[in-house]
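Heads up: the structure comes next, in structure tokens.
The values are calculated or read from the model by the stated rules, or taken from the named source; none is laboratory data. Here the structure is a predicted model, which is why all the values come from computation and not from measurement. Here the Cβ positions follow ideal geometry from the backbone for every residue, glycine too, while neighbour counts run over all protein chains shown. Each accessible area value is taken on the protein alone, full model and side chains, heavy atoms only, with ligands, DNA and RNA left out. Shrake-Rupley method; radii C 1.70, N 1.55, O 1.52, S 1.80 Å.
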Amino acid sequence: MQVEQRTFIAVKPDGVKRGLVGEIIKRFETKGFKLIGLKMLNVTQELAEQHYGEHKGKPFYNRLIEYIQSGPIVAMVWKGYDVIHSARQMMGSTKPLEAQVGTIRADFALVKEYNVVHGSDSVESAEREINIYFKPEELCDDYENMAEKVIERLDD
Ligand code: IDP
Ligand code: MG
């Protein structure tokens with residue numbers, strides 16, 4: 001099993017507008033993950049289509065492409081033990097009403113159309129999404145962080 005992973009997380013435009021950037025970063029930081037990439041940007045039509053290509057043809061596709069361009073996002077890369085799955089758990093289900101209490105979407109969102117956060121769903125999509133939003137030289141992995149100590153000391 002691959003324990004050290006990287007994932008792409010974004011605070012979506014509704015999350016930025018509502019002032020949830022710090023809260024969302026804090027959850028990943030205090031969980032013990034390592035922040036290795038961070039930028040604020042306006043998503044272009046091209047980026048939006050690249051990011052959400054898998055949803056092309058679905059009824060909500062056009063609205064999704066519009067939503068992700070409705071204001072700046074905060075794009076991040078987080079690294080750590082099983083971070084892809086863990087981050088998805090911390091985000092909660094796509095539909096906030098079905099998300100477990102205590103997750104970001106349950107705590108801060110009402111509807112799937114405005115669910116404040118994005119997170120990669122697999123190793124492949126994480127690498128793909130990181131490469132869409134970040135150049136390799138924009139990632140700062142060269143500092144010591146507790147997340148790495150955790151992995152060094154794992155027994156299994
Ligand atoms: P995820 O963000 O939990 O991975 P996906 O199924 O990959 O969910 O969908 C991407 C995004 O598209 C969701 O986060 C949500 O904002 C939006 N979305 C998903 N399903 C619907 C829908 O049925 N109507 C409107 N928007 C949707
Ligand atoms: Mg998804």
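Only one of the listed residues (117, 111) is open to solvent by 10 Å² or more (accessible area, probe 1.4 Å) and of a type in the set (A, V, I, L, M). That residue is 111. Quick check: anything in segment 63-82 away from ligand 1 (no atom under 16 Å from the Cβ), in a strand (DSSP E or B) and open to solvent by 10 Å² or more (accessible area, probe 1.4 Å)? Yes, some residue in segment 63-82 is away from ligand 1 (no atom under 16 Å from the Cβ), in a strand (DSSP E or B) and open to solvent by 10 Å² or more (accessible area, probe 1.4 Å).
Residue 136 meets the conditions (1) open to solvent by 70 Å² or more (accessible area, probe 1.4 Å); (2) near ligand 1 (Cβ under 8 Å from one of its atoms) in every case but one. The failed one is (2).
Which residues, counting only those in segment 34-64, are in contact with an Asp or Glu (Cβ under 8 Å, 6 or more places away or on another chain) and farther than 23 Å from residue 123 by Cα?
Selection gives 60, 63.
What's the number of the only condition in (1) in contact (Cβ under 8 Å) with a residue 24 or more places away in the chain; (2) away from ligand 1 (no atom under 13 Å from the Cβ); (3) in contact with a strand residue (DSSP E or B) (Cβ under 8 Å, 6 or more places away or on another chain) that residue 29 fails to meet? Failing condition for residue 29: (1). Among the residues of this structure, residue 73 counts as one that is among the hydrophobic types (A, V, I, L, M, F, W, C) and within 23 Å of residue 21 (Cβ to Cβ).
If you go through segment 1-28 and pick out every residue that is open to solvent by 20 Å² or more (accessible area, probe 1.4 Å) and assigned to a loop (DSSP other than H, G, I, E, B), you end up with 5. Under the condition of being within 12 Å of ligand 2 (Cβ to nearest atom), assigned to a loop (DSSP other than H, G, I, E, B) and among the hydroxyl-bearing types (Ser, Thr, Tyr), the residues counted in segment 91-135 number 4. Residues that are open to solvent by less than 70 Å² (accessible area, probe 1.4 Å) and in a helix (DSSP H, G or I) are absent from segment 29-46 altogether. Taking residues in segment 119-139 that are more than 21 Å from residue 27 (Cβ to Cβ), and partners anywhere that are open to solvent by 30 Å² or more (accessible area, probe 1.4 Å), the pairs with Cβ atoms closer than 6 Å and at least 6 places apart or on different chains are 132/50.
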